[in-house]
Every structure is written in structure tokens, then in C-alpha cells.
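Enquirer: Dumping the structure here so I can ask a few things about it.
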Amino acid sequence: MDFEIHTSDRPMPDGERESVLGSPGFGRTFTDHMVTVRFDEERGWYDGRLEAYAPISLDPSASVFHYGQECFEGMKAYRQDGGAIALFRPSVNARRFNRSAERLAMPAIPEETFLQALELLVAHDAAWVPSREGESLYLRPLMIATQHELGFTLPSRSYLFVVFASPATAYFGAGERLRPLTVWLSEEYTRAAPGGTGAAKVGGNYAAAFAAQRQGVAEGCDQVVWLDAAEHTWVEEMGGMNIFFVLREEDGSRPRIVTPPLTDTLLPGVTRDSLLRLAPELGLDAEERPMSVPQWEELCASGRMTEAFACGTAAVIAPIGRVKGAGGKGWTIGDGEPGPVTRRLRKELLDIQYGRLPDPQAWVYKVG
Ligand code: COI
């Protein structure tokens, strides 16, 4: 697609941008530009443009406000040693975006247009890509239904695709002192059921998760752990990230990382997939297998589960130290501190993303 370029006539002054980059946090400040592309049934995708980051004006009757047709992605641009900027497996995000769109009866955007939009934004806002360890430019592609109509017979016939960016540190903080998370077992609420939208990255899943997340925070936890809808027993994923367990066999054989298998009730994370592929290269076994809450507790009590961690684009890899649930239930994982397998996987992944290690799988996608 040919994009029209309308650069911001009032970009943030260098001094202010540097001050934001001094302590970016997560998702608080946004760069100078955004990319938008429109869709309607007659024209297909049209009117691609780079323009100043600004509010979007929509009619109150726009479909997204009522029936929630919206999907999004989370991605990052990394400043590599030597100054180059790279994305990480962006085609995997593009494909997942289109699977999410399909689940909500929204149109697919050509992968090439999705990638062009990201590259264009990163190229124009390159000065916003942080260069400190663990920091990156977080990219948020999204699509919303814009048709002005309240009838609920057929999906919207018009859509808006947007990508915007925000300098970010890892969701739970970066640096050597990794803070172990406490997680809340959500036995009252359900995130996803078979045939639903659990495997799609759609706003509605997150909206429905807030009640449980708020409950978890009130209980002193950082994130929710979601269980299956039928039995409330099988671990699926966390609030906005996937989960892994580290097991050690009694015979001292090599550690194994375990994550719940993909079904239509959990999100197929890009970081999750990357770790499953990376682990064998690091001498770790990797397995997708169901884990129940009683098994989880028992494996910790017997000492066979030494670590657990959350993983996702925003979270990177974050150790889990403790599990809590209703009625005072709770246990500690290992010694409650970040373990060696978690640390090693985190370092390895970051070293690939920041271009410090060879990239035999061609995951790193240079831009700008
Ligand atoms: C991401 O990891 O990019 C996400 O979208 C998770 C979000 C809850 C911050």
C-alpha cells in the first residue's frame, strides 16, 4: 500500500522526549505519530497514512462502542547494539492479528500492509526507541469496527486499523533484581470457554478479566491465573501473558519447562512459542501438557517444581514466587525467588532480541 505521510508539525521537543525516555514505565506516554488505514467493503483497505498521534473522532453509534468488534496486538521494537532497530517475529503477530479478526468476523489486513505500517511508524519515531537494557518501543496495532449502525444482524462493513507506539520498560520492571510475582487463582470467574474467543487477542477478553484482576490486586497479587471453564482445575494462562513451570525429575535429569497445551481457550503467545523452540537449544526439555491446581501445589510441596514464570511481549519473562487462592489457600514456588532457569531463558531471549546472540531462526527483523 502507498501511505501518505503527514508528519507531526508539533513533535515533542527533544528535551521532553529525553525526560520521558529517562523513566518510560509501561504504556504511559505515546510517540509523535500513528499510522491509520481504513477499510470498507467496496474499497477494501485504503487511505493508509502516517499522521500526528492524536485522538480519533468516531460517531457514538460506531459498532465498536456497542458490540465490541476490536482486536489488537502487542509488539516491541528493540534498539540493538550499534544503533539498528529490530522487531521480533512480526509476521507471527500479523498472522495472529488476522486470526483474531477472523474470530470477530472482521476483515484480514494483508500481512505486507501490517508490516509496512509498523516499519513506517518505527522509522519516523526512531528517536523514541529506548536504548537501555530491558527497554523498547512498545507497538500497539489494533482494529475497530466503525460502521454507524445499531442493528445486530451482520458485522460492521467498515473498519479502522491503527498502530501507535509507546516507549516502555518491561511490564513488571527490568534490571538484575527481578521481582517475583504473587498470582491469584481465579476460581470464581472464567476467562474463556470452548468455542469462545479465548485464543483471540480481543479487547472483550481483557474487559471481562478486570473483575478477577481487581480481586487479585485486593488480595495482594500481581496477576490472575485463569483456570478452565468446566472444572476450574486446569491452569490455562495469566491475565495478559502465558505461564510456564520448571520441573526437575528425582533422578537429576535435565530440567523441563512445561506449559499448558494450546486450545481455543488460551492465547498462543509469541514469547511462549519462542521459549518452546529455544529451550532444547539450551539443554532444557520443553513440554506442552495440562497442569491442574492440585498437581501444581503437590509438585511444589515435593520440591519437584522449583520455578514458574509468566511470559509475554510486555512481561518478557517474570518469575512467579507465590500462588494465592480463595479461603486462605496458598503456597510458595521453590524458595520464592527467581530461579536459574527463569533467569537463563530471560537472558537468552533478550540477548537474541537485542542482537547480542546469533539468530539462527531468523526471528529478528531489522527496520529503519
Ligand atoms: C502484551 O504482552 O503485549 C500484551 O498485550 C499484554 C497486555 C496485558 C499488556
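The values are calculated or read from the model by the stated rules, or taken from the named source; none is laboratory data. Here the structure is a predicted model, which is why all the values come from computation and not from measurement. Note: ideal-geometry Cβ built from the backbone for every residue, glycine included; neighbour counts use all protein chains shown. In case anyone asks, the SASA skips ligands and DNA or RNA and just uses the protein heavy atoms, side chains included. Shrake-Rupley method; radii C 1.70, N 1.55, O 1.52, S 1.80 Å.
Enquirer: ALA62 fails exactly one of the following numbered conditions: (1) closer than 29 Å to THR263 by Cβ; (2) of a type in the set (Gly, Ala, Ser); (3) away from the ligand (no atom under 16 Å from the Cβ). What is the number of that condition?
Expert: Failed condition: (1).
Enquirer: Moving to a separate point now. Tally up the residues in the stretch 332-368 that are in a helix (DSSP H, G or I), open to solvent by 30 Å² or more (accessible area, probe 1.4 Å) and in contact with a Lys or Arg (Cβ under 9 Å, 6 or more places away or on another chain), please. If you could, list the steps in order and put the result at the bottom.
Expert: To start, the set of residues in the stretch 332-368 that are in a helix (DSSP H, G or I) comprises 340-353.
Narrowing further to those that are open to solvent by 30 Å² or more (accessible area, probe 1.4 Å): 340, 343-344, 347-348.
Among the residues that remain, those that are also in contact with a Lys or Arg (Cβ under 9 Å, 6 or more places away or on another chain) are: none.
Here the count works out to 0.
Enquirer: Could you say which residue among ALA54, ALA127, ALA62, ALA123 is at negative phi and open to solvent by less than 10 Å² (accessible area, probe 1.4 Å)?
Expert: Result: ALA62 is the single residue among ALA54, ALA127, ALA62, ALA123 that is at negative phi and open to solvent by less than 10 Å² (accessible area, probe 1.4 Å).
Enquirer: From (1) more than 13 Å from the ligand (Cβ to nearest atom); (2) surrounded by fewer than 20 Cβ atoms within 10 Å (Cβ to Cβ), pick out the condition that doesn't hold for PHE72.
Expert: (1)
Enquirer: Could you tell me which of the residues ARG140, ARG49 is touching an Asp or Glu at 6+ places or on another chain (Cβ under 6 Å) and in a strand (DSSP E or B)?
Expert: ARG49
Enquirer: Scan (1) within 15 Å of GLY220 (Cβ to Cβ); (2) part of a loop (DSSP other than H, G, I, E, B) for the single condition GLY321 breaks and write down its number.
Expert: Only one criterion in (1) within 15 Å of GLY220 (Cβ to Cβ); (2) part of a loop (DSSP other than H, G, I, E, B) is unmet by GLY321, namely (2).
Enquirer: Taking only the stretch 126-185 into account, find how many residues are away from the ligand (no atom under 16 Å from the Cβ) and among the hydroxyl-bearing types (Ser, Thr, Tyr).
Expert: Residues that pass the stated criteria total 7.
Enquirer: It is to be established whether one or more residues within the stretch 86-109 are touching a residue at least 24 places away in the same chain (Cβ under 8 Å), in a loop (DSSP other than H, G, I, E, B) and farther than 28 Å from ASP264 by Cβ.
Expert: no
Enquirer: Under 9 Å between Cβ atoms, at least 6 apart or on separate chains: pull out the pairs that start in the stretch 221-237 with a residue that is hydroxyl-bearing (Ser, Thr, Tyr) and end on any residue that is buried (at least 22 other Cβ atoms within 10 Å of the Cβ).
Expert: Taking only residues 6 or more apart or on different chains, the pairs are THR233/LEU227.
Enquirer: A follow-up question, please. Need the failing condition index for CYS311 against (1) within 16 Å of the ligand (Cβ to nearest atom); (2) free of Cβ contacts under 8 Å to residues at least 40 places away in the same chain, just the number.
Expert: Against the list (1) within 16 Å of the ligand (Cβ to nearest atom); (2) free of Cβ contacts under 8 Å to residues at least 40 places away in the same chain, CYS311 comes up short only on (2).
Enquirer: Is it the case, given these coordinates, that GLY204 is more than 16 Å from the ligand (Cβ to nearest atom) and either touching a Leu at 6+ places or on another chain (Cβ under 9 Å) or not assigned by TED's automatic domain parsing to the domain that holds GLY82 (or both)?
Expert: no
Enquirer: So which residues in the stretch 135-149 are more than 17 Å from LEU87 (Cβ to Cβ) and of a type in the set (Gly, Ala, Ser), if there are any at all?
Expert: ALA145
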